[in-house]
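To start, the structure itself, in structure tokens.
The values are calculated or read from the model by the stated rules, or taken from the named source; none is laboratory data. Everything quoted here is computed from the prediction, not taken from an experiment. Cβ coordinates were reconstructed from backbone atoms using ideal geometry, including for glycine residues, and neighbour counts include every protein chain displayed.
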Amino acid sequence: MNDEQHQSVEVEAVVAPGGALRWRRASWQAGYAVSVLLVMALIALLVGAVAAGLQARRDEARSADVLLIVAPALPSQALIDHAFEVYRRRYAPGVVIVGTGSEAMRIALIERGAPEGALQAPAPILQPVAALQEVARSARHAGAASALVVAEPAEMLLWLKLVGDSGLSAYGAPPRGAAPGPVALLRASGQYWRYALFQR
């Protein structure tokens with residue numbers, strides 16, 4: 001082995017441990033950053049679930065310019081009964097039903113005595129978030145300043161934020177009864193943060 005090869009081996013022996021150390025340090029920093037992000041995401045999810053649970057028990061029923069009913073694909077009997085009761089009390093002059101279950105909700109309210117002409121139910125061609133945004137903005141452009149929202153309790157926090165972001169003063173009137181469970185609240189929290197961060 002000549003002198004040049006001997007020096008090259010010595011340099012590699014010195015550099016290799018330093019490179020390995022830098023690689024281990026970078027890996028540790030990346031792992032730490034991922035752990036911090038996961039913890040923050042978990043905290044945000046839990047905070048959202050608590051907020052959704054508190055809002056689910058808050059009845060803010062009052063007079064408003066428009067009544068917005070958010071109907072899931074299969075509206076529960078409790079939601080249908082409550083929506084009709086809120087309608088019957090004439091809190092708002094106009095009623096708009098949105099959501100994937102809007103037609104089922106409209107038919108159920110008509111069967112209970114609500115006049116067909118008093119209920120607006122746009123065809124559910126949009127996702128519920130986009131549909132409610134469109135309805136809230138249209139109501140605002142028509143002169144409405146406030147909205148009373150009827151929806152499943154766990155989802156109320158999301159819909160109130162969405163309607164408020166559309167420029168209306170939003171109030172919630174969730175069905176009374178059993179409080180939503182932890183799974184429903186965690187799912188609602190995830191939906192809330194998805195909308196808050198990505199508007200979808």
If a residue has to be in contact with a Leu (Cβ under 9 Å, 6 or more places away or on another chain) and under 13 Å from A173 (Cα atoms) to count, how many in the range 71-91 make the cut?
-> 6
Residues of the range 141-160 being more than 30 Å from V183 (Cα to Cα), in contact with a strand residue (DSSP E or B) (Cβ under 9 Å, 6 or more places away or on another chain) and outside any strand (DSSP E or B), in sequence order, are A142, A144, A145
Among what's in the range 61-74 and is within 19 Å of the chain's Cα centre (by Cα) and under 18 Å from L157 (Cα atoms), pick the residue that is surrounded by the fewest Cβ atoms within 10 Å (Cβ to Cβ).
-> P72
For the range 120-130, indicate whether the set of residues that are of a type outside the set (A, V, I, L, M, F, W, C) and within 17 Å of the chain's Cα centre (by Cα) is non-empty.
-> yes
Note on the range 136-157: residues within 25 Å of A51 (Cα to Cα) and either buried (at least 19 other Cβ atoms within 10 Å of the Cβ) or under 16 Å from the mean Cα position of the chain (by Cα) (or both) are A136, A147, L148, V149, V150, A151, E152, P153, A154, E155, M156, L157
Scanning the range 32-53 for residues that are farther than 24 Å from A173 by Cα and either surrounded by 14 or more Cβ atoms within 10 Å (Cβ to Cβ) or not aliphatic (A, V, I, L, M) (or both) gives Y32, S35, A44
Taking interchain pairs and intrachain pairs at least six residues apart, which have beta carbon atoms under 9 angstrom, with the first residue in the range 174-195 and in contact (Cβ under 8 Å) with a residue 12 or more places away in the chain and the second basic (K, R) and part of a helix (DSSP H, G or I)?
-> Y192/K161; Y195/K161
Scanning the range 161-185 for residues that are among the charged types (D, E, K, R) and either surrounded by 15 or more Cβ atoms within 10 Å (Cβ to Cβ) or part of a helix (DSSP H, G or I) (or both), which turns out farthest from the chain's Cα centre (by Cα)?
-> D165
Could you figure out which of (1) among the charged types (D, E, K, R); (2) modelled with pLDDT of 95 or more; (3) closer than 13 Å to R58 by Cα isn't true of R176?
-> (2)
Within the range 84-92, can one find any residue that is over 23 Å from the mean Cα position of the chain (by Cα) and among the hydroxyl-bearing types (S, T, Y)?
-> yes
Quick check: is even one residue across the range 77-88 touching a residue at least 12 places away in the same chain (Cβ under 8 Å), surrounded by 20 or more Cβ atoms within 10 Å (Cβ to Cβ), touching a Ser or Thr at 6+ places or on another chain (Cβ under 6 Å) and closer than 16 Å to L67 by Cβ?
-> no
